[in-house]
Amino acid sequence: MKISTLPWNWRQIPGIAVAFLVVATFLVAPADAQAKPQKAALTNEQTVEALSQHFAAVPTMTGEFLQFGPNGSQTGGTFYISRPGKIRFNYEQTAPVEVISNGTTVAVHNKKLKTWDFYPLEKTPLKLLLSNRIEFDDHNIKSVVNEPDLTTIVMGDDKVFGDALITLMFDPETFDLRQWTVKDSKGAETSVMVFNVEKNVELPDRLFKFDELAIQRRLQQQRNSNR
């Protein structure tokens, strides 16, 4: 299944932009739309449960993205998601970076600088986006806002992520993800737009694989040889 959306987002993990904004293409309602009865408003708990069921129903997706960094820079590329825990961002050639999560570790690879940085997934708000479910928990759910054209959930975990937050925005009818923004503890945000999205596609495991030990060993050898 293919849907047309506009934008997503990641956030900054120590010096690395890792936040994303998703903005969708909204269709104009038919002229008689106002004559249709409105659905009863969902409670916050019902909203989170509905979104959680949608997450579980869409374990994989891929598409294109456009990212806006905290400093106003922008770049794009292709993204892949496989829940739980796996994501990959292949940036275009003008930004030789790829970001990969294998389910436990987030790796940031700068091919131009020949550097790798590794972070535990469970220590980043990205973990909340890549979970199979969204749990209605006071520790994770900071706010839920239901509006006619957008549903917004702000999530975080003070004990794990500090002041960092991830904001997810959904279509209130289909519960498709429209936007997410990750804000770090210093208030820096990165936004990423996604479009040409395909849901429930087969994704090869190799997209999310990297050998951290082998990479660390090779980098250490390079450092030793430069001494």
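Values quoted throughout were computed directly from the atomic coordinates according to the rules given, and no laboratory measurement underlies them. Remember, it's a predicted structure, so these values are computed and weren't measured experimentally. Virtual Cβ from ideal backbone geometry, glycine too; neighbours counted across all protein chains shown.
Measuring from a point 7 Å past the Cα of Leu219 along Cα-to-C-beta, which residues in the stretch 104-118 have an amide N at less than 15 Å? Of the residues in the stretch 104-118, 105-118 have backbone N under 15 Å from the label point off Leu219. Note on Val192, Val58: ascending count of other Cβ atoms within 10 Å places them as Val58, Val192, the fewest first.
For the residue pairs Lys127/Lys183; Lys86/Lys199; Lys127/Lys209; Lys142/Lys183; Lys111/Lys199, the alpha carbons lie more than 20 Å apart in Lys111/Lys199.
Using a Cα-Cα cut-off of under 16 Å, which aspartates and glutamates could be cross-linked to Lys123, ignoring same-chain neighbours fewer than 8 residues away? Once the sequence-local aspartates and glutamates are set aside, what remains near Lys123 is Asp157, Asp158, Asp163, Asp184. The distance between label points at Asn44 and Asp158 comes to 1.5 nm (points 7 Å beyond Cα on the Cα→Cβ vector). The shape of the stretch 43-133 comes out prolate: with a ≥ b ≥ c from the C-alpha gyration tensor, a/c is at least 1.5 and a/b beats b/c.
Measuring spread by the Cα atoms of the stretch 108-189 yields a radius of gyration and Dmax of 14.6, 47 Å.
The shape of the stretch 146-227 comes out oblate: with a ≥ b ≥ c from the C-alpha gyration tensor, a/c is at least 1.5 while a/b does not beat b/c.
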